[in-house]
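The values are calculated or read from the model by the stated rules, or taken from the named source; none is laboratory data. None of the values given here were measured: they were computed from a predicted structure. Please note: Cβ atoms are built from the backbone with ideal geometry, for glycine as well, and neighbour counts cover all protein chains shown.
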Amino acid sequence: MLARRHALFAPCLSALAPLVGRAGSAGVRTLSFWTMQLSPHLDAYVRGLIRAYEAQRSGVRIHWVDLPWSEMERKVLTAIAAKQAPDVVNLNPQFAAKLAEFDALAVPEQHLGAEVPARYLPAAWAANRLDGKTFALPWYLTTNLTLFNRPLLERAGLPQAPRQHAELLAQAPRLRAAGAFAYFPALDGSHPLETLVAMGAPLLAPQGCGPGFINAQGAAVLGFYRQLYQQGLVPRNVVTEGHRKAVELFVAGELGLVSTGMQFLNFIRNSNAGLFEKIDIAAPLGNAGVPPNLAVMNLAVPQASSQRELAFDFAAFVSNADNQLAFARTVPVLPSTRASFADPFLSTTPASPALIDRARALSCATAQQGAVLVPPLRAYSKLRNSFTLQLQAQMLGKTAPDAALKQIGREWRALMRCAS
């Protein structure tokens, strides 16, 4: 397994050459800063950040490189292998945790003041910790809402969108009879595991090794998916498609509701203005007592950086309260800093709010109550794949739910190297 993992770090210097910041002229310190898919829409914002930082730090220059989502992991692995890693890089916690497993990321507390962690929402800070060690600073957040098609729900005789998964399961036949699917439970990424926890099942065993859902709670979650699929209450391609397809079907008017972030409202308005006028919002699906899920983007500093102190100083500047608030004013994301939420832009709602204003207010409330339901884990991608494959198999009727849970239990304990 280690051999396969280290093979990912094979250098590809020709592809890397145009991406790595070059050394500046004498007396100038250059930091390379990599982000994910922010250009060209956020060029003005990012370049403004860079100008402001360079004005504060005489003799420092920031070399900014923006990469597509699809290329970031490969480019970062290649750069680290080639000992030409960026100084500051924008990652998501699960991929950053893979790097942290190999001690490839520097620890923020070793380079920043003791007061820094308190600037961020506790849940956002905790999203960047593995085995009790921090590996990055939180940057911006997103959280899901329920977007629903009012006319479809009204046609099905439903006065409001479901708040819990059990309500969704009960309402789905009425929506199907009204000519629409109720929902599209995405099976890509972290969605299935996040739903597992949102429905009240513990992710890990009490001792921390092995799954905590090989019980009646886990069986109820698998049963939720199985009933939706076996009863024809969700599209048949749900076992092969993901969140993007869910949004596409909602925009096409074929779904009653979708779980997604407020950032998709502008996409829907641009894609189907007629539908946009029919949309309303509700709190994300969940169970009482379970916090809503947060998705956290971060800023990491590779151990390979020769300027870790300065790199963390820049990362802390990019993610400070003022700059995160300005970011939230520019695009529909949320800050990870506590102080940002005190600003009227995020703390108040207009007297006659538009949909996006109401979505922002609900998202802010959700974020401040939220938690990362699936924290960084060792061997995360294999754990996730194990769960998803067994979930799909029992949805399709290829295996029984109890057998699927037992197989997940065996695979997770082996992957996590549990004692028994």
Just checking, does region 334-351 include any residue being of a type outside the set (A, V, I, L, M), within 25 Å of Arg163 (Cβ to Cβ), outside the structural domain of Gly208 (by TED's automatic domain parsing) and touching a residue at least 40 places away in the same chain (Cβ under 8 Å)?
no
In the same structural domain as Ile281 (by TED's automatic domain parsing) and under 20 Å from the mean Cα position of the chain (by Cα): which single residue out of Leu147, Leu91 fits that description?
Leu147
Every residue in region 12-57 that is at pLDDT 95 or above, among the polar types (S, T, N, Q) and more than 27 Å from the chain's Cα centre (by Cα), please.
Thr30, Gln56
Do any helices (runs of 4 or more DSSP H) lying entirely in region 162-236 carry at least 1 residues that are under 21 Å from the mean Cα position of the chain (by Cα) and touching a residue at least 60 places away in the same chain (Cβ under 8 Å), and which ones are they?
165-177, 191-198
Ala365: touching a residue at least 12 places away in the same chain (Cβ under 8 Å) and assigned to a helix (DSSP H, G or I), yes or no?
no
Taking the criterion of being in the same structural domain as Pro302 (by TED's automatic domain parsing) and not in a helix (DSSP H, G or I), would at least one residue in region 76-83 satisfy it?
yes
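Only one residue in Leu187, Leu175 is surrounded by 17 or more Cβ atoms within 10 Å (Cβ to Cβ), of a type outside the set (Lys, Arg) and farther than 25 Å from Leu99 by Cα. Which one? Steps first, please.
Numbers: Leu187 fails: farther than 25 Å from Leu99 by Cα.
Exactly one residue qualifies, and that residue is Leu175.
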Among the residues of region 29-51, count how many are within 14 Å of Phe317 (Cβ to Cβ), of a type in the set (A, V, I, L, M) and touching a residue at least 60 places away in the same chain (Cβ under 8 Å).
2
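With the condition kept exactly as written, say whether any residue in region 98-106 is in contact with a Ser or Thr (Cβ under 8 Å, 6 or more places away or on another chain), among the acidic types (Asp, Glu), within 27 Å of Ser190 (Cβ to Cβ) and not in a loop (DSSP other than H, G, I, E, B).
The answer is no; no qualifying residue exists.
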Number of positions in region 116-133 that are crowded, with 23+ Cβ neighbours inside 10 Å and more than 15 Å from the chain's Cα centre (by Cα)
2
Surrounded by 20 or more Cβ atoms within 10 Å (Cβ to Cβ) and of a type outside the set (S, T, N, Q): which single residue out of Ala201, Ala216 fits that description?
Ala201
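Results for (1) of a type in the set (A, V, I, L, M); (2) under 21 Å from Gln217 (Cβ atoms), shown as yes or no for each residue.
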{"site": "Ser363", "(1), (2)": "no, no"}
{"site": "Gln368", "(1), (2)": "no, no"}
{"site": "Leu373", "(1), (2)": "yes, yes"}
{"site": "Ser386", "(1), (2)": "no, yes"}
{"site": "Gln392", "(1), (2)": "no, yes"}
{"site": "Asp402", "(1), (2)": "no, yes"}
{"site": "Gln407", "(1), (2)": "no, yes"}
{"site": "Arg410", "(1), (2)": "no, yes"}
Hey, does region 35-49 have a residue that's surrounded by fewer than 21 Cβ atoms within 10 Å (Cβ to Cβ), outside the structural domain of Ser190 (by TED's automatic domain parsing), touching a strand residue (DSSP E or B) at 6+ places or on another chain (Cβ under 6 Å) and more than 27 Å from Gln263 (Cβ to Cβ)?
no
So Thr399 fits all but one of (1) at pLDDT 95 or above; (2) out of contact with any Phe, Trp or Tyr (no Cβ under 9 Å at 6 or more places or on another chain); (3) farther than 30 Å from Gln231 by Cα; (4) surrounded by 15 or more Cβ atoms within 10 Å (Cβ to Cβ); what number is the exception?
(3)
